[in-house]
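Peer 1: Take this structure, written in structure tokens, and hold onto it; I'll ask about it next.
The values are calculated or read from the model by the stated rules, or taken from the named source; none is laboratory data. Since the structure is predicted, the reported quantities are computational estimates derived from the model, not experimental observations. Quick reminder, even Gly has a Cβ in these numbers, built from the backbone with ideal geometry, and neighbours come from all protein chains shown.
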Amino acid sequence: MRFLICDLGNTRTKIALYNDDLLIKQAILNENNPDAFARLICSSGFNHTDAAIVSSVSHDTTSFVERITAGRVITLTEHTLLPLINEYKTPSTLGNDRIAGAIGGAALYPGNDILVIDLGTAITYDFVEKGKIYKGGGISPGINMRFKSLNAFTMRLPLLTPSAEAPLIGTTTSGAIGSGVMNGCRAEVSGIIEAYRLLYPKIKIILTGGDLIYFEKMLKNNIFANPNLIIWGLKQILTYNLEK
């Protein structure tokens with residue numbers, strides 16, 4: 001079967017096409033715009049699918065996807081059936097990307113404790129116990145949000161963009177901002193990982209998200225990268241619901 005996976009996030013839209021479990025095509029839009037989404041679907045061969053899932057933080061695109069899909073279309077909400085137990089106390093406020101990433105991680109490493117770290121607009125930490133129970137996690141500002149905050153809430157600090165390399169000691173104001181934001185984010189992520197490892201020594205750590213490229217040096221000691229983790233998790237949710 002051909003499965004269409006649509007993930008419309010805060011600042012980026014990702015579309016993927018699976019033939020059963022094989023990812024055969026994907027595309028990314030650096031915006032969340034329903035018209036651009038529809039044009040991409042129709043012009044890039046993502047139509048004529050057997051089933052689909054839509055995850056969107058804002059726009060309702062389900063009706064459009066239903067018109068181009070032969071079978072069932074799932075819209076991910078707090079009421080969607082999930083292939084794990086969700087113990088989050090406020091499921092109505094749980095982001096689709098967070099639960100999808102957690103499910104994707106649990107599917108990759110069945111039966112294991114999993115920590116998924118999504119490095120995007122926000123940095124999110126999501127923990128799955130023994131591959132079966134979603135417990136929750138943490139949320140902190142992402143890299144670009146930190147740069148923008150320093151610029152917006154001060155009078156003289158410039159707006160910078162992320163860099164893969166940042167000196168520990170910034171010898172200019174721009175260098176100091178880059179050091180504080182980039183090294184601060186990496187130190188935060190490293191510290192959170194170590195805190196989880198103290199509690200769950202065999203935990204699997206999976207990094208994903210648009211800012212993953214700035215954390216590549218951390219990929220060691222059972223820390224894995226999977227840029228398509230959320231898409232894979234959405235695929236798991238779709239097939240789970242099709243079986244019900």
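Peer 1: Quick one: is GLU87 of a type in the set (Asp, Glu), in the same structural domain as ILE123 (by TED's automatic domain parsing) and free of Cβ contacts under 8 Å to residues at least 60 places away in the same chain? Spell out how you get there, then give the answer.
Peer 2: Numbers: of a type in the set (Asp, Glu): yes; in the same structural domain as ILE123 (by TED's automatic domain parsing): yes; free of Cβ contacts under 8 Å to residues at least 60 places away in the same chain: yes.
Here the answer is yes, as GLU87 does meet what is asked.
Peer 1: Can you name every residue in segment 188-206 that is assigned to a helix (DSSP H, G or I) and under 16 Å from ASN221 (Cβ atoms)? Steps first, answer last, please.
Peer 2: Start the filter on segment 188-206 by keeping residues that are assigned to a helix (DSSP H, G or I), which leaves 188-199.
Once the filter is applied, which keeps residues that are assigned to a helix (DSSP H, G or I) and under 16 Å from ASN221 (Cβ atoms), segment 188-206 yields VAL189, SER190, GLY191, ILE192, ILE193, GLU194, ALA195, TYR196, ARG197, LEU198.
Peer 1: Now for a separate question. Going by what's in this entry, would ILE193 be described as touching a helix residue (DSSP H, G or I) at 6+ places or on another chain (Cβ under 9 Å), closer than 16 Å to ILE123 by Cβ, assigned by TED's automatic domain parsing to the domain that holds TYR125 and not polar (S, T, N, Q)? Write out each step before concluding.
Peer 2: Values: touching a helix residue (DSSP H, G or I) at 6+ places or on another chain (Cβ under 9 Å): yes; closer than 16 Å to ILE123 by Cβ: yes; assigned by TED's automatic domain parsing to the domain that holds TYR125: yes; not polar (S, T, N, Q): yes.
Here the answer is yes, as ILE193 does meet what is asked.
Peer 1: State yes or no: is THR75 buried (at least 16 other Cβ atoms within 10 Å of the Cβ) and at pLDDT below 80?
Peer 2: Working: buried (at least 16 other Cβ atoms within 10 Å of the Cβ): yes; at pLDDT below 80: no.
Criteria not met by THR75.
Peer 1: Residue pairs, Cβ under 9 Å, 6 or more apart or interchain, first in segment 136-163 and surrounded by 15 or more Cβ atoms within 10 Å (Cβ to Cβ), second part of a loop (DSSP other than H, G, I, E, B) and charged (D, E, K, R). List them.
Peer 2: Pairs that qualify, where the first residue is surrounded by 15 or more Cβ atoms within 10 Å (Cβ to Cβ) and the partner is part of a loop (DSSP other than H, G, I, E, B) and charged (D, E, K, R), are GLY136/GLU87; GLY136/LYS89; GLY142/ASP211; ILE143/ASP211; ASN144/ASP211; PRO162/ASP211.
Peer 1: Of all the residues that make up segment 117-131, how many are within 28 Å of ASN30 (Cα to Cα) and in a strand (DSSP E or B)?
Peer 2: Pass one, segment 117-131, residues within 28 Å of ASN30 (Cα to Cα): 117-127.
After this cut, where a residue has to be in a strand (DSSP E or B) as well, the list is 117-119, 122-127.
Residues meeting the conditions: 9.
Peer 1: Tell me whether segment 149-172 contains one or more residues that are in contact with a Cys (Cβ under 6 Å, 6 or more places away or on another chain) and closer than 24 Å to LEU219 by Cβ.
Peer 2: no
Peer 1: Related question: Please go through segment 132-159 and pick out each residue that is under 26 Å from the mean Cα position of the chain (by Cα), over 15 Å from ASP211 (Cα atoms) and part of a loop (DSSP other than H, G, I, E, B).
Peer 2: Correct list: LYS132, LEU159.
Peer 1: Of (1) touching a residue at least 12 places away in the same chain (Cβ under 8 Å); (2) basic (Lys, Arg); (3) in a helix (DSSP H, G or I), ARG39 satisfies all except one. Which?
Peer 2: (1)
Peer 1: Run down LYS204, LYS220 and say which single residue is touching a residue at least 24 places away in the same chain (Cβ under 8 Å) and among the basic types (Lys, Arg). Let's see the steps before the verdict.
Peer 2: Details: LYS220 fails: touching a residue at least 24 places away in the same chain (Cβ under 8 Å).
Selected residue: LYS204, the only one of LYS204, LYS220 that is touching a residue at least 24 places away in the same chain (Cβ under 8 Å) and among the basic types (Lys, Arg).
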